[in-house]
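Presented below is the structure to which this report refers.
The values are calculated or read from the model by the stated rules, or taken from the named source; none is laboratory data. Quantities reported herein were computed from a predicted structural model and do not represent experimental measurements. Here the Cβ positions follow ideal geometry from the backbone for every residue, glycine too, while neighbour counts run over all protein chains shown.
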Amino acid sequence: MESSEAVTVLTAAARLVQVEPPQVIEALSETLATVVPHRAAAHLSPQCAGSPLSATGDPKLTAVITGAELAPFLGSVSAGRPWQGEAEIGGVEETVLAIASDHAPRGSVLAFVLDPGTRIPEQTLPLVQTLWDVVTAHLNRLTLEIEPSVLAQSRAVAMARDVVAAELTDAHTATLAALLGVLRNNRIDDAAARTTAVELALNALADLRTDSQRDRADAGEEPAGRAFQRLADSLQTLLRHLPVDLELDAPSNDRLIPSDVAHAARVAVRAAVLAILGQDGVRRIRVGWRLNPTGLQATVRDDGPGVLDDRLDLGRIAERLRAQGGRLDVDAVPGWGLTLRIMLPVALSDVAKTARALTTTLSAAGKVLTAEPLATLGHRELEVLALLAQGQRNRVIADTLHITESTVKYHVANILTKLAVTSRTEAAALYLATASA
């Protein structure tokens, strides 16, 4: 970066910390207009409960940018490593510069929509990254200063609720995926398929009822080998009737680990496997755990296309891990596959423990899912969601309902927002689960 650009960025840092939060993204866009020429800029901050998404720039772009489109960057873009490439913004492919920061508990991401084919020089990126880290830390401090005790309690409950909802959604998604694998398997006759499907459903119900009992029996700790075997059992059930080979790499030692850490690792790995299954061409998944003095590392590898696209929803996984004091690292090698590394510390955050307690309470009470989440959707949104749950793509949904593909994307964005989910897969799983409740 030229010295004049460095002065511009550093001067911006001094000015931005004096700007009121609602105007920060606009001031940032104006300041970086010459350093990072762009048509629009958008900021997603999950810890901001009121308005996590803000955007400025070309009104035609800012009107259609959604949080669901920016959320995947939270998982796929590592803090300190800006990413440039093509991504779907406002329903169309755009050239994007995405910058993530971990200077807030749940992270934040800044996305610039550039002119097609534009690339920002590599030497410019470090100072832009530093500026975004400064802004993120400043905004997070301002958030915490607003009635700190009340706000902290409110955010802890809200975050715990989000974790509970995501865990329950993952559990239902895994069960539904296993059921569909059985019903779509041409090698199983109808009678055997029905018997197997009923067995899977009964096992899923039994797991919901007995999970809390097993955790209490572990008395706060469990051997790493047994904890991994519980994960292995659930993954084998999920993949048994799918054309995907599962390879397991159990931990090399069997020392005791906290039950909440083991549970968080199982949930994160299962969510990662479900995300991987949304790709085309995956035939092998390898899952392994490694223990070290500071915590647990889970690794999930596949042999898929090795491309980060809109079928991979890793943002929610990364956000959940950050709330628990962990992190998600993603390596994508085109033609070779993905490697996801899930790191969890020995002691989880208080939010994670609260979420675990709430999950146990909800499961024990039988309050898994109700039809209430769908009550916020309009008639047309329900029609779109029903077709989405059948696995239909936007073009097919548009033809079926005699509307444009852009209108379908608009409805899908509204559905994700209203259901508080970040992917089509989660929305479909929630619809199928509530529709049969």
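Working only within region 81-97, note down all residues that are in contact with a helix residue (DSSP H, G or I) (Cβ under 7 Å, 6 or more places away or on another chain) and touching a residue at least 60 places away in the same chain (Cβ under 8 Å).
Glu88, Gly91
In this structure, does Ala347 turn out to be outside the structural domain of Thr417 (by TED's automatic domain parsing), at pLDDT below 80 and part of a loop (DSSP other than H, G, I, E, B)?
Judged against the criteria, Ala347 is a match.
If you go through region 106-145, how many residues are closer than 13 Å to Pro82 by Cβ and not hydrophobic (A, V, I, L, M, F, W, C)?
9
What tally of residues in region 1-34 results from selecting those that are among the β-branched types (Val, Ile, Thr), closer than 21 Å to Thr118 by Cβ and at pLDDT 70 or above?
Residues in region 1-34 being among the β-branched types (Val, Ile, Thr), closer than 21 Å to Thr118 by Cβ and at pLDDT 70 or above: 3 in total.
Condition check ((1) more than 15 Å from Leu231 (Cα to Cα); (2) of a type in the set (A, V, I, L, M); (3) touching a His at 6+ places or on another chain (Cβ under 9 Å)) across all residues:
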{"site": "Ala268", "(1), (2), (3)": "no, yes, no"}
{"site": "Leu277", "(1), (2), (3)": "yes, yes, no"}
{"site": "Asp280", "(1), (2), (3)": "yes, no, no"}
{"site": "Arg284", "(1), (2), (3)": "yes, no, no"}
{"site": "Gln297", "(1), (2), (3)": "no, no, no"}
{"site": "Asp302", "(1), (2), (3)": "yes, no, no"}
{"site": "Val307", "(1), (2), (3)": "yes, yes, no"}
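Against the condition without any contact (Cβ under 8 Å) to a residue 24 or more places away in the chain, small (Gly, Ala, Ser) and either over 21 Å from Ala14 (Cα atoms) or outside the structural domain of Ile25 (by TED's automatic domain parsing) (or both), how does Gly117 come out, does it pass?
Considered against the rule, which asks whether it is without any contact (Cβ under 8 Å) to a residue 24 or more places away in the chain, small (Gly, Ala, Ser) and either over 21 Å from Ala14 (Cα atoms) or outside the structural domain of Ile25 (by TED's automatic domain parsing) (or both), Gly117 comes out as yes.
Restricting to region 265-291, give me the number of residues that are more than 21 Å from Leu242 (Cβ to Cβ) and surrounded by fewer than 24 Cβ atoms within 10 Å (Cβ to Cβ).
2
Please indicate, with yes or no, whether at least one residue in region 292-309 is of a type in the set (D, E, K, R) and surrounded by fewer than 17 Cβ atoms within 10 Å (Cβ to Cβ).
Checking region 292-309: at least one residue is of a type in the set (D, E, K, R) and surrounded by fewer than 17 Cβ atoms within 10 Å (Cβ to Cβ).
Being in contact with a helix residue (DSSP H, G or I) (Cβ under 7 Å, 6 or more places away or on another chain), in contact (Cβ under 8 Å) with a residue 24 or more places away in the chain and over 23 Å from Leu242 (Cα atoms): is that true of Ala298 here?
no
Can you give me the number of residues within region 104-142 that are basic (Lys, Arg) and under 24 Å from the mean Cα position of the chain (by Cα)?
Summing the residues that are basic (Lys, Arg) and under 24 Å from the mean Cα position of the chain (by Cα) in region 104-142 gives 1.
Please give the number of the condition Glu247 fails out of (1) crowded, with 17+ Cβ neighbours inside 10 Å; (2) touching a strand residue (DSSP E or B) at 6+ places or on another chain (Cβ under 9 Å).
Only one criterion is unmet by Glu247, namely (1).
Which residues, taken from region 91-122, are hydroxyl-bearing (Ser, Thr, Tyr) and either closer than 18 Å to Val330 by Cβ or assigned to a strand (DSSP E or B) (or both)?
Thr95, Ser101, Ser108, listed by residue number.
State yes or no: is Pro37 modelled with pLDDT of 90 or more, outside any strand (DSSP E or B) and either touching a Ser or Thr at 6+ places or on another chain (Cβ under 7 Å) or in the same structural domain as His138 (by TED's automatic domain parsing) (or both)?
Considered against the rule, which asks whether it is modelled with pLDDT of 90 or more, outside any strand (DSSP E or B) and either touching a Ser or Thr at 6+ places or on another chain (Cβ under 7 Å) or in the same structural domain as His138 (by TED's automatic domain parsing) (or both), Pro37 comes out as yes.
Under 6 Å between Cβ atoms, at least 6 apart or on separate chains: pull out the pairs that start in region 313-336 with a residue that is assigned by TED's automatic domain parsing to the domain that holds Gly75 and end on any residue that is part of a helix (DSSP H, G or I) and modelled with pLDDT of 85 or more.
Note: no pairs meet the criteria.
Across region 207-231, which residue is modelled with the lowest pLDDT among those that are in contact with a strand residue (DSSP E or B) (Cβ under 8 Å, 6 or more places away or on another chain) and crowded, with 16+ Cβ neighbours inside 10 Å?
It comes out as Glu222.
Filter region 70-84 down to residues that are over 22 Å from Ala413 (Cα atoms) and not charged (D, E, K, R) and give me whichever is surrounded by the fewest Cβ atoms within 10 Å (Cβ to Cβ).
Selected residue: Gly80.
So for region 396-405 (the condition being modelled with pLDDT under 75, surrounded by fewer than 19 Cβ atoms within 10 Å (Cβ to Cβ) and assigned to a loop (DSSP other than H, G, I, E, B)), does at least one residue qualify?
No, because not a single residue in region 396-405 is modelled with pLDDT under 75, surrounded by fewer than 19 Cβ atoms within 10 Å (Cβ to Cβ) and assigned to a loop (DSSP other than H, G, I, E, B).
When you scan region 43-56, do you find a residue that is in the same structural domain as Pro121 (by TED's automatic domain parsing) and touching a Phe, Trp or Tyr at 6+ places or on another chain (Cβ under 8 Å), even just one?
Looking through region 43-56, at least one residue is in the same structural domain as Pro121 (by TED's automatic domain parsing) and touching a Phe, Trp or Tyr at 6+ places or on another chain (Cβ under 8 Å).
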